[in-house]
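Heads up: the structure comes next, in structure tokens.
The values are calculated or read from the model by the stated rules, or taken from the named source; none is laboratory data. Everything numeric here is computed off the predicted structure, so don't read it as measured data. Every residue, glycine among them, receives a Cβ derived from its backbone with ideal geometry; neighbour counts consider all protein chains shown. The area values use the complete protein model at the heavy-atom level, side chains included, leaving out ligands, DNA and RNA. Shrake-Rupley method; radii C 1.70, N 1.55, O 1.52, S 1.80 Å.
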Amino acid sequence: MKKVFLVFFTVISMITFAQNEMTVTSGSFDFIKDETEINVQLKFDNTLYQVENLTEEQYLQNRKKDILAKSGKTEADWQKWSEEWNRFKSSEYLKYFMKGANSKSKIAFENERPAKYTLILDAQWIYAGWHGGIMGQEAKLTSVMKFVETNDPSKVLLELKADKILGKPQNKDFVMEYGRIAGAFEATGKRLMGKEYKRALRK
């Protein structure tokens, strides 16, 4: 019985450790030391959602069914939700990420800037969390971040993997999926220029 419990505890510990971690997979932060601004791009090329690894189309189909199944909800309600989902995906997630990164760094992370280097943020997996009145679960984001030369994106200076970064628990849209996901983007930006960046500069 003790052996079974030990194995179970070890597996749980490994799973916990694997989440909310950011690791450098290639390159280093050396190039960034003298920079004052970094351009940022956000990609959703093959993003999967929820523990079931749904495509965005599948996720949205499920959400539409859920919304229309609620008493009094109509196609107009779904349209409003869909418009907000698309607005957050096209602009707000990136803003939240830059907010997080800029809160921890003297380097200005901005979109569409003529900077020497560009950070390409590839969102690979998103867990939207949930909200139920006074309680809720933050979203999680898994992403790959590549710092490349703006004029030659094939030149990758640094690549990082952020695994299931847990979102910030509060923002004005937290009750909605896109608000919670925005919190995960903000936490990822903050984490990027937090302890991992500072640890690298101490080397």
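Structural remarks
- Pairs with Cβ under 8 Å, 6+ apart, first in the range 174-198 and under 18 Å from ASN20 (Cα atoms) and of a type in the set (S, T, N, Q), second open to solvent by less than 10 Å² (accessible area, probe 1.4 Å) and part of a helix (DSSP H, G or I): THR188/PHE97; THR188/GLY100
- Test: GLN170 is open to solvent by 30 Å² or more (accessible area, probe 1.4 Å), in contact (Cβ under 8 Å) with a residue 60 or more places away in the chain and among the polar types (S, T, N, Q): no
- Here is the figure for the range 93-110: residues that are over 12 Å from the mean Cα position of the chain (by Cα) and either more than 19 Å from ASP34 (Cα to Cα) or outside any helix (DSSP H, G or I) (or both) total 9.
- One residue stands out among those in the range 131-188 that are among the β-branched types (Val, Ile, Thr) and farther than 25 Å from GLY27 by Cβ: the one that is nearest to the chain's Cα centre (by Cα), which is ILE181.
- The set of residues in the range 30-55 being surrounded by 12 or more Cβ atoms within 10 Å (Cβ to Cβ), within 15 Å of the chain's Cα centre (by Cα) and of a type outside the set (A, V, I, L, M) consists of GLN41, LYS43, PHE44, THR47, TYR49, GLN50.
- The condition (being closer than 30 Å to SER26 by Cβ, open to solvent by less than 30 Å² (accessible area, probe 1.4 Å) and β-branched (Val, Ile, Thr)) is satisfied by just one residue among ILE126, ILE67, ILE120: ILE126.
- Residues that are under 23 Å from LEU158 (Cβ atoms) and either acidic (Asp, Glu) or in a loop (DSSP other than H, G, I, E, B) (or both), drawn from the range 111-147: ASN111, GLU112, ARG113, PRO114, ALA115, LYS116, ASP122
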